[in-house]
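S.K.: Okay, here's the structure, questions in a sec.
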Amino acid sequence: MDNKGAVHGRGILFILSAPSGAGKSTLAKWAAENIPGVRQSLSYTTRMKRPDEVDGQHYRFTSAARFREMIAEDKFIEWAEVHGKYYGTTWDAVDEAQERRQDLLLVIDVQGAVKLRERKLDGVFIFVMPPSLEELKRRLLDRGTETAETVQGRLDAAWAEISESSHYDYLVINDTLEEAQKELEYIIHAERCRMKRRRLEFDDFTMGQPL
Ligand code: ADP
Ligand code: 5GP
């Protein structure tokens, strides 16, 4: 089989949300690099590029004017304003992964996840929690990408985001990274084994014979 890992008929959409600093980008990057058949979706954003980020690799960085045009052109399957900036996932990103039968990780905020649920998207919703608020603050500060002010804004937003977690299918607690990676990997494998996603293999076996 050449599309290693993604052995079901269509790619699965995994939606990964978490308060800022909980570790969802770290986990998504690890999954895309280590679990065959998984890739990470590339979002558009109007926020400033961080020094270690590459346009076209971490995000597609764009202007607010262009982003608004793309909204008007119905380019986005979902978009949201997060921490005062626009972020969005395009239909193209999702369609491309599905055509290639790859599983796609959408690392998006809780508002974006609500929009996808409203669209009745057949996705798997995973929420990532830090072990504590103190640890969340420490990770945000250690990451070195925020000012004291933006750290506080992200911590203030964390409660509202965590209160949305009950709508998700799975909860991964990112205490030690190794354990969280394992949990994410098990979820992906379990979802691939769902009866509804194994239909192609099942039909191959039975060759359409009534059982
Ligand atoms: P998010 O994408 O949710 O905002 P990041 O993936 O950027 O979070 O992680 C925030 C910071 O915490 C990063 O510096 C990352 O290296 C670190 N980090 C992630 N997971 C863990 C973990 N399990 N233990 C300690 N530090 C972590
Ligand atoms: P950051 O600026 O830290 O990279 O991301 C801020 C927030 O925006 C995170 O919660 C992240 O998951 C979210 N985000 C990133 N891309 C998208 C997207 O395409 N859509 C939505 N709704 N949120 C996104």
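S.K.: Go over the candidates Val114, Val124 one by one and state the one that is open to solvent by 40 Å² or more (accessible area, probe 1.4 Å) and β-branched (Val, Ile, Thr).
M.R.: Matching residue, one of Val114, Val124: Val114.
S.K.: What is the number of the single condition among (1) more than 9 Å from ligand 2 (Cβ to nearest atom); (2) over 14 Å from the mean Cα position of the chain (by Cα); (3) under 22 Å from Tyr59 (Cβ atoms) that Leu155 does not meet?
M.R.: Exception for Leu155: condition (3).
S.K.: While we're here: Would you mind stating whether Leu177 is within 25 Å of Glu53 (Cβ to Cβ) and open to solvent by less than 20 Å² (accessible area, probe 1.4 Å)?
M.R.: Here the answer is no, as Leu177 does not meet what is asked.
S.K.: List, please: which pairs have Cβ atoms under 6 Å, are six or more places apart or on different chains, and start with a residue in the stretch 160-178 that is modelled with pLDDT under 95 and end with one that is aliphatic (A, V, I, L, M)?
M.R.: So the pair list comes out as Glu161/Val110; Glu164/Val110.
S.K.: I've got another one for you. Taking Arg66 as meeting all but one of (1) without any contact (Cβ under 8 Å) to a residue 12 or more places away in the chain; (2) basic (Lys, Arg); (3) crowded, with 16+ Cβ neighbours inside 10 Å, write down the number of the exception.
M.R.: (3)
S.K.: Could you grab the pairs with beta carbons closer than 6 Å, sequence gap of 6+ or different chains, first residue in the stretch 11-25 and closer than 13 Å to Leu171 by Cβ and open to solvent by less than 10 Å² (accessible area, probe 1.4 Å), second one within 9 Å of ligand 1 (Cβ to nearest atom) and assigned to a strand (DSSP E or B)?
M.R.: If the second residue must be within 9 Å of ligand 1 (Cβ to nearest atom) and assigned to a strand (DSSP E or B), the pairs left are Leu16/Val107; Ala18/Val128; Ala22/Val128.
S.K.: Quickly run through the stretch 143-174 and pick out the residues that are open to solvent by 80 Å² or more (accessible area, probe 1.4 Å), among the hydrophobic types (A, V, I, L, M, F, W, C) and either touching a His at 6+ places or on another chain (Cβ under 9 Å) or closer than 20 Å to Leu116 by Cα (or both).
M.R.: Result: Leu171, single match.
S.K.: Give the residue that is surrounded by the most Cβ atoms within 10 Å (Cβ to Cβ), with candidates limited to residues of the stretch 86-95 that are more than 20 Å from Glu33 (Cβ to Cβ) and out of contact with any helix residue (DSSP H, G or I) (no Cβ under 8 Å at 6 or more places or on another chain).
M.R.: Val94
S.K.: Out of Leu140, Leu104, Leu133, report the one residue that is surrounded by fewer than 16 Cβ atoms within 10 Å (Cβ to Cβ) and touching a helix residue (DSSP H, G or I) at 6+ places or on another chain (Cβ under 8 Å).
M.R.: That would be Leu133, the only listed residue that is surrounded by fewer than 16 Cβ atoms within 10 Å (Cβ to Cβ) and touching a helix residue (DSSP H, G or I) at 6+ places or on another chain (Cβ under 8 Å).
Each row is one residue, and each column tells you yes or no for (1) within 16 Å of ligand 1 (Cβ to nearest atom); (2) farther than 21 Å from Phe127 by Cα; (3) surrounded by 22 or more Cβ atoms within 10 Å (Cβ to Cβ).
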position	(1), (2), (3)
Arg47	yes, yes, no
Gly56	no, yes, no
Thr62	no, yes, no
Ala97	no, yes, yes
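S.K.: Please find, among Asp156, Asp103, the residue that is more than 14 Å from ligand 1 (Cβ to nearest atom) and over 28 Å from Gly11 (Cα atoms).
M.R.: One residue alone meets the criteria, Asp156.
The values are calculated or read from the model by the stated rules, or taken from the named source; none is laboratory data. All of these numbers come straight from a predicted model, not from anything done at the bench. In this analysis, Cβ positions are derived from the backbone assuming ideal geometry, glycine residues included, and neighbour counts consider all displayed protein chains. Calculation scope for accessible area: heavy atoms of the full protein, side chains included, ligands and nucleic acids excluded. Shrake-Rupley method; radii C 1.70, N 1.55, O 1.52, S 1.80 Å.
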